[in-house]
Structure formats: C-alpha cells, structure tokens
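**Q** The structure follows.
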Amino acid sequence: MTILLSILAQLLHMAAVLVAAPLLTGLVDRLSHRRAAPDVLLPWNAVLRLLRKQPIRAIGTSAIARGGPVLAVTFAILTAFLIPSFCVGMVSAPSADLLTIAGLFLIGRVVLVLMAMDTGTGGGAVSATEIARLGLTAEPVLLLAVLAIGLASGTGNLDSILAMRADGLVPGTPAITLALAALALVGWSYGQTPSIDAWFSGPDLALLRVSDQIRLLAWCDLVGALALPFGMATVTGGFKAWVIGILAWIGRTLLAALLLAIVRTVGARSRVRTVLALAAALCGIAAVLAFAGGDPT
Amino acid sequence: MSDPILPLLVMIVVALLALGVVARFLAFGSRQAVGLAGAGLCGLGFMLTFLALIVGQDPGSMALPLGLPGMPLVLAFDPLAAFFLLPIFLTGTTSMAFAAEIADAAPKASLAGLALCLAGVVLAILAADGVVLTIGLAMASGAVWAMGDPGAGRVPLLAATGLAALSVLGATAASGFGFAAMRGHPVWPFLFYGLALVGPGALAGLAPFHAWLIPAHAASPSRGAALLSGAIQPLAYYVLIRMLLDLGDPLAPGWWSVPVLASGLVTALIGGWRGASDMDLGASLAGLAQRQSGLVAIGVGLVMVGRAADLAGLGGFALAAVLMLAATQTVCGTLAQLAAGAVQAEAGSRRIVLLGGLIQSMPVVAAGMGAALLGWVALPAGAGFAAVWLLFQALLVVPHAPWFVLIAAGVAVSAALAGVALVRIFGVAFLGRPRGPRAAGAMDIARSARPAMWALVGVSVGIGLFPGLFLSLADAAVHQLLGVWPDDRGILFGWSGYPVLPLLLAAVAIGVTVAQLIRRSGAPPPREAAAWHDGFAPAPAWLPFGDPLTQSAGAGFLPRLPAIPVLPRWRWWPRVNWGLPTLLVAVAMLLIALWWIGRA
C-alpha cells in the first residue's frame, strides 16, 4: 500500500511540477510589470505555439545542438523528479542525494554551454563563455552549500533532511540558514545567465524554455522546502495531509514568485558577479560553521 | 591462487622487455607484429589479474635469482598491486593495438618505448623491495624519456624520475630494502614519510614539484604523453599509496596528513586552472591529469586523517575515491592523449584555436575525447563524479575542524574548473565550425584502430555507470590497507546514495518520451539555414571557413595562470633548467641520508 501511495505521490508531484513550471515564469513576468502586464498563461501559449513550428537549424551544427534541447529538458525533469514538492517519501526519496541534485544542475549548465558553442557563431560563443564563467563561481558555492547542509543535518539525503526538518528535528542552525541564503542567491544568478534562444527555433526553443522553467521551479522547491518546511506531507499521512501539503507548496511557490518579481524589478541593475561573491562569502561562513559545529548526530 | 599467477606475470614482464629490445635494436619484426604481440601479452596479463581479483588470492611473493648476495630481489603480488595492474594492462593492450594500426614518424622505436615502459611499470608494481621498485620506475620513465624529442622539455622528466627513484631508495635503504620486513614500522618513520611524499609526489606532478608535468607532456609525442598520463602518473600514485598507506606507520600522528592535503589542494587548483586556460590541447589535458593527482593526494591525506582519528568510514570513503581516481586516470589519461595525438596528426595542430568542428569529421576521436573528459570531470554518470562524490562523503564524516573547509572548497572549485575545461576543450576543438582547411579536411582514425579506442571509451563510461561494481574489485585492496572489509557497495551506488543506474534509466525513459512527444507534435521536419550572425554580413569569399574571429578562441574562459615561482631559480647560473638543481639537491639529500645510515 505504501509503495502504491508513494508512486501515486510521485506521479502527482511530476504532473504538478510540469504544469506549474511555465506558470511560475508567467506569474513572475506578470508581477514584475506594472502596466501592460503579460498574461500568466503566456509561457504555456508560447510553448504550445513553438511546438507546432518548423525548427530551423544552422548549417554545420552537430548532434550536440540537435539533441541538446531534449537532453536539457531531460536533466531538468530528472532534477525535478528528485526534489520533493508537497510530500516526502516518494519513490525517488532514497535517490534524492543532494550532491547528485547539484550534479544534475551542473550538467544542465554544461549542456547549455556546449549547445551554444556548437552554433559556431560569435554571439553563441560569447554566451557560452559567460555562462561557463558564471558557473565557475556558482558551482563551488552550490557544492559547498550542499556540503554545509549535509554536515549540519548529518545526512546527504534531501528527503531525510526535509522529513527531519518537518518534524523539527533539524533546527534552523545559522549554518543551514546561511547556506540556504547562498543557494537562493545562486538560484538568482541562474536566472541571469545569458540566453541562447537566438540560435534555436520551433520545438527546440520550446524545450529549451521549458527546461529553464522547470529548473527555476525545482530550485524554488529546493530552497523553499528547506527554508519553510511547514505543511510538508508524508506519503502515508492521509488525504488531509496531502491537501495541506499541496496548499503549502502552492503558497511557497507563490511566495517565491513574489520574491523573484521583487528581485527582478528592484535588483535588475545589480551585477551578477557581486551577488555571486556575496553568495560565496555566505556559503563560506556557513561551511565554516558547519565544519566547526559539534557532532551532527 | 597467486602461486601460478606471479611467475606468469614475471614472464610477461620479461617478454615485454624482450619485445622492446627486439623492436628497438633488431631489424626483424614489422611494426604491426610487434604491436600485436605486445597487445597479446598485455591482454594475457589483464586476464590473469582479473582472474586473481575475481577469485581473491592470497598475497604471494617470490625472490628472483638476481641481486647481491644476501639481498635477493623480491617480487610480490597482493590485492593492491593487482588492482593497479588491471587498468595498466588494459590500457597497455589497447595502446599497443592502437600503435600497431596507426603509422607515424618513428613507429617501431616508439613501440619499443611502449613495451619497455609497460614492462617497467608492471615490474615496479610487482616489486616487494626498494631496489626492484627503483629499477621499474627508472625503466618506465626512461622509456618515456627516450621517446621524447631532444630538447629542454625532456630534462624535467629525468629530474622528477631521479628524485622519485632516489627517494624510494633512500626511504627503504634504512630498513634493508625489503617491504615485508618494514611493513608498518619502517626505520625512522618520519624520514620515510617525507621521502615517500616528495619522490612519488614529484613524479605525480604534485605541488611544489608540479611545474615540470605539463611541459613534459608537450615535449613528448602523443604516445609518450599517453604513457606519461596513463602509466607514469598512476605508477606514481601507486608508489605514494604503497609507501604512505601500506609500508608507512599506520599510527602516524594526524598532522602528517597536512602536507599531503595542502599539496593536493594546490595541485588540484593549479591543474584545473591550466586545463581551463591553456591554449594547447595536450597541455589542457595534462592540466586535467594533474588535477587528478591533486585529488588523489587529497584522498590519501583524508585516509591518513581517518587512520589517525580511528574513523574507519572516513578511511573507507577516501580510499575508495583514491582507487577510483587512480584507475580512471589510467584509462582517461591514455584515451585523451591518444585522441589528442590523432587530432594533431589529422588536423595538423594541437592549438585549439586552429581546430573546430572535429566532431563532424572525426566522430570516433570526438567520442574518445568526450569519454575521457567525462571520466575526469565531476558530471553525473561519469567516473569523475563518483570519485568526487566519495571524497565529499569522506568530508561529511571528517572530524569537525574548520580548516577542512579549505579542502572542501578546494575540491568544489577544482570541480568547477574541470567543468569549464570540459566545455572549453570540447566546445572549441570539436564543436562549431572548422577554423581552417586542415581542421575541415581531417579524417577519422583508421578503421582498424577504432576497436582499441572504443574499448577505452567503453571502460571509461562503464566505470562511471557501474562504480559499485568496479569498486568491488578494490575490496581486497581496501581490506589490505585498512584492515576492514568495506560496506556493501550496493547501498552506496544502488537505489540510494549516488544512484547512477536508476537515474540513468529514468533519464533514458524521460528523454525517449520527450523525443516521441516532439516527433508527434505536428511540427514540420527541420530545415537547414545559414547560422544567424546577429545581422552581420556573411563572410567574404576569401574566408571560406567564415571569419575565424566570430568563433570563440577558447581564451575568454579564464585568464592564464600567473606564474607562481614555487622553486626559486638559480640566477647566478645562466640558462639553467630548474630540473638540474632539483636533481643535485636530491643527490645531496641521498648522500646525507646514506652518511646518516652509515654513522648509525
């Protein structure tokens, strides 16, 4: 029975994430425009429209550019598969290793860079270089933050950490708080990476956009669930707990959209590198605190 | 079980030696015959070693009927040696087969070098006393040295080898050379520790002796560079592990790990930076190899921390990471440098700014390079990720001390640098448009040489996909070094832990579903058109490959690493290569050590 429930929860989770990912982006766009605001459903419409268009590919691009969009969306969905939204104990729970999740975020970035290089254009190369250079700061912060969270909570499994957080077993130590702040800043930097949309069209472009949207939602889920573990359901918690969990997840996602919109309007001019340096500093302090802390058990 | 295997392995060493001598000095035997004979010998060795690892043998030793009276030369075959021999024999087989099929300027001489180097490496790994180990080291490095072009780049290799050989001799001399007698309690353990760190560390390219490795790669032909990366460096790791973890004092104080960790940290960062910034393909790959040395040293240091703190889990994770890194380095180092050699032969250059678009003209070489890079860097489903994952697991159980943050941060930064190196090397050299006629007209390697390259690709990818299965081959070695059997790898790499296989299956399922959905979405089939250059006019007729300036040259990712003067240059001696002073210092150290021994 438990296994059936966990499969059901996983399916519900995936469906919810896939439906909500373009909506989150649409909502952030809607909230960050005061006048002539675009429709919340615009990203969904764009994706559906692009899927019916004829893709145009640059002469001389290789299998990397042809298969890249599918790869990008695959890794994004896989990342979302591992990060719980409303309920812990899903089928993917034992596999939800934080380092693996970090690795999946990294590989998504690598696919983007390789696709941009494969276009063989100046603009693509500039975007690729910029994405790779941002990754140089963001990725160590991500890995170190993951390590700090793991050290402070005594396990590297996201699902266990969330379950313990929901039960109040892992208090919000300064290390975890700082690491989460660093993670949030890194997530913001992911949103600021240069776009490589100009060299792709049709379904390829649709997949690229969807992968970005899923990754953004997965990131919000990761930081949100770790920061505000309230209402997180368990698989066997019953119908009521699931409803509460879904409502809590919707609330967290709305809050994330609001914060993202505020950051976009207020902090549009702030340099990515400055923010990443701040994230690195926070993360460094968090890691020192985590390493200096007592026995995690 | 080991009783019949060790003599057979010794016979393989002798046969490889004979093969090398025949190929070098005698006129008969075609290049192909020599290569295939060598491949057959190495393949036999691979099967024997694999059999020994599967069956699980008792350590066996034998004394050679050679050597000074009262001091015979001793060989031994134990699980640690078997685990290191396995990838060496594998890459030996494939590079011999590869060399047999690929013609280049000095074919038979370099085949002789290959055979002699492999014989030396196998001899050194089988050695059970300091003298045999030194002979093997000298033979292996000497063969690579003899393959290089005459020039300045060769001297440092000689210096590093000399330093390693003298350190091994000096460290074991005080205890009477035999490993069996000194195991666990060498005479003057601190001197032993210092020499064990300096000599093999220099050969592995660890800071502060890191400066020679990349120029030495650049000065060697591709086959020599493949041996440097895929045989000499793993041999150096082996000697480091053998001397520090097997022969050294297991009750050493914890601070002994600090120099190892610091040196590994600096090396991992410098190597990653060079990999992400050097404009030469071979040098970038050598940088990645050097980063691997750094990670190995960090792992060895963590094992020492674990032993000092009596944390079996820490030691187990770190040792598994070290063994994985060493085996990966053997496979990926060989594969990457062979692929780089093929690129140089076909596209005419190793400077990445002259390449481009090679994935279209050389798909097999591109697959080889991709697999090698995936094995090195920390991306999921690659062997490098499994190794870094194990290192992070070790850091999760490390005794809580703030300075371990430096190690963690270093490993994380080095992982990011390696990621940039991957996208830069592969993106600039293999993707995009060709930057010149040679790159556009490159041909893939000969059909007959492809199986060798595909075999290496398969092993490199296989280690990444089945890390648990691969590490189960190392269980006996872990038991030999730590005295405990490791936990079930199924827990680490099964459905929980780092669940590579389930995630891969899930990825395949998701990818196939997405691709099918796209196919049925009703979009017309794709159309090809000229690339969009942000509205700039198409390139004029005299630039048939487009304007080369409109593609990345690979220089914008990271600035060049500023030269850090680690070893002071001797200014009063003009035009001196610093390798020679190192050698002189080493000789002086050895003389002092011998005087000390004689005095006592």
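The values are calculated or read from the model by the stated rules, or taken from the named source; none is laboratory data. Small disclaimer: the values here were computed from a predicted structure and weren't measured. So basically every Cβ, Gly included, is an ideal-geometry build from the backbone, and we count neighbours across all protein chains shown.
**Q** Go through the stretch B:395-419 and give me each residue that's facing another protein chain (nearest Cβ under 9 Å), more than 30 Å from B:VAL364 (Cα to Cα) and not small (Gly, Ala, Ser).
**A** B:LEU395, B:LEU396, B:VAL398, B:HIS400, B:PRO402, B:TRP403, B:PHE404, B:VAL405, B:VAL411, B:VAL413
**Q** From the residues in the stretch B:1-21 that are crowded, with 18+ Cβ neighbours inside 10 Å and over 24 Å from the mean Cα position of the chain (by Cα), which one is farthest from B:PRO59 (Cα to Cα)?
**A** Per the stated criteria, the residue is B:LEU19.
**Q** Would you pick out the residues in the stretch A:137-153 that are facing another protein chain (nearest Cβ under 7 Å) and under 18 Å from the mean Cα position of the chain (by Cα)?
**A** Here is the first cut: in the stretch A:137-153, the ones facing another protein chain (nearest Cβ under 7 Å) are A:139-140, A:143-144, A:147, A:150-151.
Selection gives A:GLU139, A:PRO140, A:LEU143, A:LEU144, A:LEU147.
**Q** Conditions first: (1) β-branched (Val, Ile, Thr); (2) within 12 Å of chain A (Cβ to nearest Cβ); (3) in contact with a Lys or Arg (Cβ under 7 Å, 6 or more places away or on another chain). B:VAL364 passes all but one, so which condition is the exception?
**A** Just one mismatch for B:VAL364, condition (2).
**Q** For the structure I just gave you, tell me whether A:ALA37 is of a type in the set (A, V, I, L, M) and crowded, with 24+ Cβ neighbours inside 10 Å. Spell out how you get there, then give the answer.
**A** Details: of a type in the set (A, V, I, L, M): yes; crowded, with 24+ Cβ neighbours inside 10 Å: no.
Here the answer is no, as A:ALA37 does not meet what is asked.
**Q** Is it the case that some residue within the stretch A:13-31 is among the polar types (S, T, N, Q), under 20 Å from the mean Cα position of the chain (by Cα), under 23 Å from A:TRP219 (Cβ atoms) and surrounded by fewer than 21 Cβ atoms within 10 Å (Cβ to Cβ)?
**A** To start, the set of residues in the stretch A:13-31 that are among the polar types (S, T, N, Q) comprises A:25.
In the following step, the residues that additionally are under 20 Å from the mean Cα position of the chain (by Cα) were identified as A:25.
Going one step further and asking which of them are under 23 Å from A:TRP219 (Cβ atoms), we end up with A:25.
Then keep just the ones that are surrounded by fewer than 21 Cβ atoms within 10 Å (Cβ to Cβ); that gives none.
No, there is no match, as no residue in the stretch A:13-31 is among the polar types (S, T, N, Q), under 20 Å from the mean Cα position of the chain (by Cα), under 23 Å from A:TRP219 (Cβ atoms) and surrounded by fewer than 21 Cβ atoms within 10 Å (Cβ to Cβ).
**Q** Right, A:ILE59: within 29 Å of A:ALA198 (Cα to Cα) and touching a residue at least 12 places away in the same chain (Cβ under 8 Å) or not? Quick ask: steps written out before the conclusion?
**A** On the way: within 29 Å of A:ALA198 (Cα to Cα): yes; touching a residue at least 12 places away in the same chain (Cβ under 8 Å): no.
Answer is no for this residue.
**Q** Is one or more of the residues making up the stretch A:84-94 more than 26 Å from A:LEU205 (Cβ to Cβ), at the interface with another protein chain (Cβ under 8 Å from one of its Cβ atoms) and in a helix (DSSP H, G or I)?
**A** First, the residues of the stretch A:84-94 that are more than 26 Å from A:LEU205 (Cβ to Cβ): A:84-94.
The next check asks that each one be at the interface with another protein chain (Cβ under 8 Å from one of its Cβ atoms); those that pass are A:94.
Imposing the further condition that a residue be in a helix (DSSP H, G or I) reduces the set to A:94.
Yes - at least one qualifying residue is present in the stretch A:84-94.
**Q** Here is a follow-up. Quick test of your reading of the structure: A:VAL73 fulfils all but one of (1) crowded, with 24+ Cβ neighbours inside 10 Å; (2) more than 9 Å from every other protein chain (Cβ to nearest Cβ). Name the failing condition by number.
**A** Condition not satisfied by A:VAL73: (2).
**Q** So A:PHE230 ticks every box in (1) away from chain B (no Cβ under 14 Å); (2) part of a helix (DSSP H, G or I) but one. Which box is left unticked?
**A** (2)
**Q** Scan the stretch A:40-70 residue by residue and report those that are crowded, with 19+ Cβ neighbours inside 10 Å and more than 7 Å from chain B (Cβ to nearest Cβ).
**A** Across the stretch A:40-70, the qualifying residues are A:PRO43, A:LEU50, A:THR61, A:ALA65, A:GLY68, A:PRO69.
**Q** Given the structure, is B:ALA507 at pLDDT below 75, surrounded by 18 or more Cβ atoms within 10 Å (Cβ to Cβ) and either more than 27 Å from B:ILE214 (Cβ to Cβ) or of a type in the set (A, V, I, L, M) (or both)?
**A** Working: at pLDDT below 75: no; surrounded by 18 or more Cβ atoms within 10 Å (Cβ to Cβ): yes; either more than 27 Å from B:ILE214 (Cβ to Cβ) or of a type in the set (A, V, I, L, M) (or both): yes.
Here the answer is no, as B:ALA507 does not meet what is asked.
**Q** Next question, about the same structure. Where residues in the stretch B:301-313 are part of a helix (DSSP H, G or I) and surrounded by fewer than 24 Cβ atoms within 10 Å (Cβ to Cβ), which of them is modelled with the highest pLDDT?
**A** Residues of the stretch B:301-313 that are part of a helix (DSSP H, G or I), as a first pass: B:301-308, B:312-313.
Pick out the ones that are also surrounded by fewer than 24 Cβ atoms within 10 Å (Cβ to Cβ) and you get B:308, B:312-313.
Values: B:ALA308: 89, B:ALA312: 82, B:GLY313: 84.
Only one residue fits best here, namely B:ALA308.
**Q** Condition (residue is in contact with a strand residue (DSSP E or B) (Cβ under 7 Å, 6 or more places away or on another chain) and not β-branched (Val, Ile, Thr)) applied to the stretch A:76-88: is it met by at least one residue?
**A** Start the filter on the stretch A:76-88 by keeping residues that are in contact with a strand residue (DSSP E or B) (Cβ under 7 Å, 6 or more places away or on another chain), which leaves A:86-88.
Retained after the next criterion (residues that are not β-branched (Val, Ile, Thr)): A:86-87.
Taking every residue of the stretch A:76-88 in turn, at least one turns out to be in contact with a strand residue (DSSP E or B) (Cβ under 7 Å, 6 or more places away or on another chain) and not β-branched (Val, Ile, Thr).
**Q** All but one of (1) closer than 24 Å to A:VAL47 by Cβ; (2) within 14 Å of chain B (Cβ to nearest Cβ) hold for A:GLY156, so report the exception by its number.
**A** All conditions are met except number (1).
**Q** Filter the stretch A:160-212 down to the residues that are in contact with a strand residue (DSSP E or B) (Cβ under 6 Å, 6 or more places away or on another chain) and surrounded by fewer than 24 Cβ atoms within 10 Å (Cβ to Cβ) and list them by number. Let's see the steps before the verdict.
**A** Start the filter on the stretch A:160-212 by keeping residues that are in contact with a strand residue (DSSP E or B) (Cβ under 6 Å, 6 or more places away or on another chain), which leaves A:162-163, A:201.
Answer for the stretch A:160-212, where residues must be in contact with a strand residue (DSSP E or B) (Cβ under 6 Å, 6 or more places away or on another chain) and surrounded by fewer than 24 Cβ atoms within 10 Å (Cβ to Cβ): A:ALA163, A:SER201.
**Q** A further question follows. Looking only at helices (runs of 4 or more DSSP H) that lie completely in the stretch B:420-529, which have at least 1 residues being more than 7 Å from chain A (Cβ to nearest Cβ) and out of contact with any Gly (no Cβ under 7 Å at 6 or more places or on another chain)? Before you say what the answer is, go through the steps one by one.
**A** Values: elements: B:437-440, B:450-465, B:467-472, B:475-482, B:489-493, B:500-519.
The qualifying helices (runs of 4 or more DSSP H) are B:437-440, B:450-465, B:467-472, B:475-482, B:500-519.
**Q** So is B:LEU235 aliphatic (A, V, I, L, M) and crowded, with 24+ Cβ neighbours inside 10 Å or not? Write out each step before concluding.
**A** Details: aliphatic (A, V, I, L, M): yes; crowded, with 24+ Cβ neighbours inside 10 Å: yes.
Yes: the conditions hold for B:LEU235.
**Q** Restricting the stretch A:95-126 to residues that are more than 7 Å from chain B (Cβ to nearest Cβ) and over 30 Å from A:GLY154 (Cα atoms), which is surrounded by the fewest Cβ atoms within 10 Å (Cβ to Cβ)? Explain how you work it out, then say what you get.
**A** From the stretch A:95-126, those more than 7 Å from chain B (Cβ to nearest Cβ) are A:96, A:98, A:101-102, A:105, A:108-109, A:111-112, A:115-116, A:124, A:126; that's our starting set.
With the extra rule that they be over 30 Å from A:GLY154 (Cα atoms), the set shrinks to A:111-112, A:115-116, A:124, A:126.
On the way: A:VAL111: 25, A:LEU112: 26, A:MET115: 29, A:ALA116: 33, A:GLY124: 32, A:VAL126: 15.
Filtering the stretch A:95-126 for residues that are more than 7 Å from chain B (Cβ to nearest Cβ) and over 30 Å from A:GLY154 (Cα atoms), the one surrounded by the fewest Cβ atoms within 10 Å (Cβ to Cβ) comes out as A:VAL126.
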